[in-house]
Amino acid sequence: MTEKTKQEQWTERIEVFLASGLSQRAWCEQQGLRPNQLSYWLRKLRGEASPSRNDRWINLNTIAPSSSGISLRIGNAVLEIERGFDPEVLADVLRTLMAVC
């Protein structure tokens, strides 16, 4: 497997992981992967996405916890995530936020 193929595979895996809402350990157990593999690729791909990691982080503050989901305030924007959300949509939103921030 080429390095590019591995990177593409792990990029997809990380999107699924982020959308899952699971801890790294729980997600890796479900996928039959080692947590240190996920940690490595998270660091590697974040490092390649931006020359300065500090510029990529934003503060996320919860507005009010709710039994049916959560709301996040990002600047003036509010992101509401309800139970039963579509993980692919959340992954798209997260990718967009990472590109903007």
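Coordinate-derived values only; no laboratory data. Since the model is a prediction, treat every value here as computed from it, not as a measurement. Glycine also receives a Cβ, built like all others from the backbone with ideal geometry; neighbour counts cover every protein chain displayed.
Miscellaneous remarks
- Taken along the Cα-to-beta-carbon direction at a fixed 7 Å, the label points for residue 26 and residue 97 span 1.8 nm.
- Shape call, the stretch 1-54: gyration tensor on alpha carbons, a/c limit 1.5: oblate
- Between the beta carbons of residue 73 and residue 5, assuming R0 = 35 Å, the FRET efficiency works out to 0.35 to the nearest 0.05.
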